1. For C:Lys60, which aspartates and glutamates qualify as cross-link partners when the Cα separation must be under 12 Å and same-chain residues fewer than eight apart are set aside?
2. Using the alpha carbon gyration tensor of chain A, what are the three equivalent-ellipsoid semi-axes (square root of 5 times each eigenvalue), largest first, in whole Å?
3. Considering the dipole of chain C built from charges on the beta carbon (Lys and Arg +1, Asp and Glu -1) around the Cα centre, which of C:Ala247, C:Val37, C:Ala9 is farthest to its positive end?
4. When the Cα centres of the range B:661-740 and the range C:158-176 are compared, how far apart do they sit, in Å?
5. Taking the alpha-carbon set of chain B, what are its Rg and Dmax in Å?
6. To the nearest Å, what is the center-to-center distance of the range B:272-303 and the range C:48-68, using C-alpha atoms only?
7. In peptide B:134-145, what is the residue-averaged number of other protein chain Cβ atoms found within 10 Å of each Cβ?
8. Of B:Ala629, B:Cys593, B:Asn640, which is farthest along the charge dipole of the range B:581-642 in the positive direction, counting Lys and Arg as +1 and Asp and Glu as -1 at C-beta?
Amino acid sequence: MDPVTGKTIAVNVNGDQYEREVEARQLLVHFLRDDLELTGTHIGCDTGNCGACTVIYDGTAIKSCMLLAIQADGARIDTVEGLASDGELHPLQRAFSETHALQCGYCTPGMLMSAKHLLDNNPEPTQHEVRRALQGNICRCTGYWNIVEAVLAASKGEA
Amino acid sequence: MTETVTPTEALVVEETETRPGFIGQSVPRKEDRRLVQGEGIFIDDMKRHGMGFVHFVRSPYAHARIVSVDVSKALELDGVYGTLTGDEVAIQTDPYFELTVPPGNEIKDYCLAVGKAHYMGEPVAAVVAATRDLARDAAELVEVEYEPLPVLVDPERAQDADAPVIHEDPGSNVVWSGLFSWGEIESAMAEADHVVRIQRLHFDRFSSTPLECSGGLVEFDRPTGQWHIYSNNQFPGFAAIMMAPALRTGIDKLRFISHDIGGAFGNKICTHPQLTACCLLARKLKRPVQWTEWRTEQHMTNTHGNERVFLDVEVPVKADGTMLGFRCRAIDDCGAYPRYEPLGCIIWSQVTPGMYRWRHIEIDFTQICTNKSPVGPNRGYSRMQHLWFTERVIDIVAHELDLDPVEVRKRNYIRSDEMPYETPNGCVYDSGDYSKMLDMALELIGYGVLEERRAEAAERGKLLGLGIGSTLDSGTNNFGQSQLLNPELQFSGNNEVATIKLDLLGEVVITLGTVPQGQGHETVASQVAAEILGCTPDDIHVRVGHDTYWNSHSGFSGTYASQFAVTGLGAVKGAAEKLAEEMRRLAAAVLGCPADDIELAGGMARMRDNREAALPFMALGAIINVNNAGLPEDLDVTLNARYVYRPPFQVPDKERKFGNLTLTYASQIHACLVEVDPETGAYEIVNYAAVDDCGKRIHPQIVEGQVHGATAQAIGAATHETFAYDEDGNLLTPNFYDYHVPHALDMPPLHAGYLESPSPFTAYGAKGMGEGGGAGIHAVCAALQDAMRAAGNQIVHDSCNPPWRVWEMLQDPESTRRLVSVEERR
Amino acid sequence: MLLRQVEYARAESVADAVRLLGENSNARPLAGGQTLVNVMKARAASPDVLVDLNGLDELKGIRTTPAGGLELGSMVTYTEMVESEDVGDFRPRLAEVTSTIADVQVRNRGTLGGNLCSNDPTNHLPPLMVAMGAEMTIAGSSGERTVPAEDFFLGVYLTAVEPDELLTKVTLPPPGGGDGFAAVTIGREGTCIVNAAAVVHDGEARLAIGCVSAVPVVVRAPSEPEAAAAAVTTADFDPPTDVHASAGYRRRLAEVLARRAVQQAIGVG
């Protein structure tokens, strides 16, 4: 393929199919937030450190601020908006609420997606494994202790 | 990983009456449902048709004359809607009101740099374009010519004769200075058995760096001159006071609306300059204007916590370890513009003695400007810096005089039987049992096996240390303290507002003047109202956020200073009681009985002695709204109540700088165990205990969450977080790559405990809390110092101790030892 | 946070990638993007063309070599290296060190090739590759060539890969002895302040010290911890001073970490 400044991409987000024209320079996180108006995925930094933009991309957790939308052509993306189904919260969402694992809620979507990725691949993680899985998600409100408890509770079916 | 200790009977200090209902329960948070689904509305989520995106052009120099600003190339770019420069700002606005005295009040502070850039990153021009990317592209085309000037970054040099002057109009870098003196420090010195001197203690510059950056979306109604400012500013009362005169408009013309906010911690108080620029642009360009701050911008320009250095500290001590007082000089570096300052020059005095009983205190306090980012009231504002200082003093004195750090604290702590306790400057600590909290913290940290653990660590080549950090979280401040800094200021007291109504279909709706950023105000307000109205929190709808148009705010409205539990809930309680009283009178009129016979329970207004005679809320709402024929003429009932909570404050005595400056005093005592690798200076916090007392806990989970969060932020500030500048005024930690914020792997195990010492000054005995007071910083510093006893007896004298600093102390103990001396008097 | 205009092409083969890199001035290969996209967000560097390598299966895969070594495609991700059975069997230290790079999300996208070719002085893998004696295979318009790791890293962000070339694979020799890695990082398992890799073989240690110079500093010493530290003390390098460490602190850390890496390599650390 010859270099292009933009392209129409087809992406599946949370089970819905979208076709949109994107500039090559557009980050996936901006595409999700501005073009698809899925504003649940957040931006908290500009160096790829904070993880607020975490989504699941073709089955793996990634930071959507370091992928170009144009690269995502043909991909399946799961965001926080797809966690609940038919109005029923996902066990992780319930656990977060019950354990007070969120205060301002800004890091929460990214945390949930990292946690979901962990539990999808490791259904019975140890506390240490949970902490490692969340290393790439910064929270300034909770100190993480309740978040780790919430993920463990969800993994044990306690939510 | 965490364990919350439920106190036994003996640990609960006081229980007044048993309250049935929701107060004291961790009810499910109303905010959660939308937040866990990513349906929170944060400022960058908002869109308006035709809106333009702002990008600020920022000075690359810390100090420079602006020779020219040329926006012509930017304007040529397709999709650019317009620009704003300092020249326009100087014509269209007046400088922001300065709180300080002459000559500091001559500082000219505008929303864009006018004539000169005073810190690196100061906005010099703004560009608005159809997309974020275009605005960024266009900003690169703005050509600014600068003439660099000498840079001042060292606060201790700011008053030198040859120091660069940041603001020409006052002609000096001093924002404010004054002497605070209570008791008789000279006679205390004469009475002392030892005088411990500490040359220098430095509290580092850092901030809580909320994950969501600041932002705004501003619309302007041309026909009415009304601005609609959607933003995550957390203190609209202050923003309005700053912006209205600057924009030459009335207060009500600035409508502030907030929705969900991704953390603030005081860093979203001083965003009025950026919002002012957006107001001007919205008016000029005749379209909504959207601004989102980027992480690097937040670190460079908005805002830092106060940096403070304490010099020439002298502490008179008796032989038995009783500390009589202290004297020192303090220099507070507020960066390039004061803004909320110089309030930091007085707010520390809410906790003048810290947790201790010393009575003779003197501080010669000066606040200066430098070419660094302006400061803002970062979490723990000004009290944290001072409490770190008092804790360092206690810890260093104990260290030098070979006193047991636990015993010396207990000897000097204010005792629970002395509460309420009047401090040397007239503040009143409401309640608390510090000794008991210390015992709890030590129990939780395993104090009994400390020496065993120390020996075991030594076998592995590690230095183990235990540190104690005591702190206070003074809440609900009396703004009259501003008059102690500047007698001309017309601020005093405090307030907060709430409205509550019973709607047509029986729904109870509350609006708050507060601006929550994760503290769960919707939930807690509904608990309080539900108890008063005899229904459940689910029956109460609390509107999200803040809106000037709700008319449920006042001059001090916002969320800051650890006061919601007192002012916000005080307002909710007042409003709910008014509504309840009206509901009872209305029901009585309908049911034909005296109002005193009516009780509110089970979602009904019913006769106490005949529960069948009951009206559901919907009936009451319908009668007042649409079905009011036949009501008694003298029945004055609207079912729409507004209440302004006002704490009982007086204007303090300006001569003596004396008076009650805060209503409540929550407290925290932390203990921390660190293991230092003496070969590298790297260390690990291997265990941690936090005990807090915020009086009656309205929602225990929320309160515990605040303690967790404050602890984590303090740990970050203690171990890594610092806004370090080089000599050219470049910020060396402008993003999360270099400014390390702790993550889940960094956190130690946490053992938490609590006491409830009710405040005698509040309706529910609850105390404001949330800021915390930085106990983690005090504890980590003390732990490192304890660990290094075996390695050179170093003194920890900086608040932030990353591995490199620990290593330097280990390499050169003398560099710290020479800062401290003990004079034997007897 | 907002990139400059750029053109994008998804390479269909290594030859296609090389062609695209050669035909377009200021073209850069896009691997995991965990470094390059950040650089572009800051507008610190703005390529005109991005050549996306993510579709190239020929650059993926981890295999053992007939000689008993390990061959890794340049586009294997950190996660793939961590989870690879072959890496676990032949070079567990490589998996262990790779598992401490950044965080899960970064490891899911970041690649071996990206880590090596970006040659940020604080990266973990350049010193490890140098100590392990890796060989880098580079493909260009005139064919393939191999470069030993010691000659691969040329300067800050600079390697032997020319603008119109691609790193295609990294080959590790069979492990002849023990290996070790020690680091002091910013936060737990964070960015390195100083790191040291050691591979011992026949009583000798090959050390590579990272974060103290533009490229990993190679030090040869006896495989005895104190001797290794002493060799680092006299080695010729000038560490930088920055907000995380002074030059003197980095020098001292280099000595300590070299000793610890050798201890680990000989099985006593």
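The values are calculated or read from the model by the stated rules, or taken from the named source; none is laboratory data. Everything quoted here is computed from the prediction, not taken from an experiment. Every residue, glycine among them, receives a Cβ derived from its backbone with ideal geometry; neighbour counts consider all protein chains shown. To get the accessible areas, we keep the full protein, side chains included, count just its heavy atoms, and leave off ligands, DNA and RNA. Shrake-Rupley method; radii C 1.70, N 1.55, O 1.52, S 1.80 Å.
1. In chain and number order, the partners are C:Glu71, C:Glu80.
2. They are 29, 16, 13 Å, listed from largest to smallest.
3. C:Ala247
4. Centre-to-centre distance over Cα atoms comes out at 43 Å.
5. Using the Cα atoms of chain B, the pair Rg, Dmax is 27.5, 88 Å.
6. 45
7. Mean shielding count: 1.
8. B:Asn640
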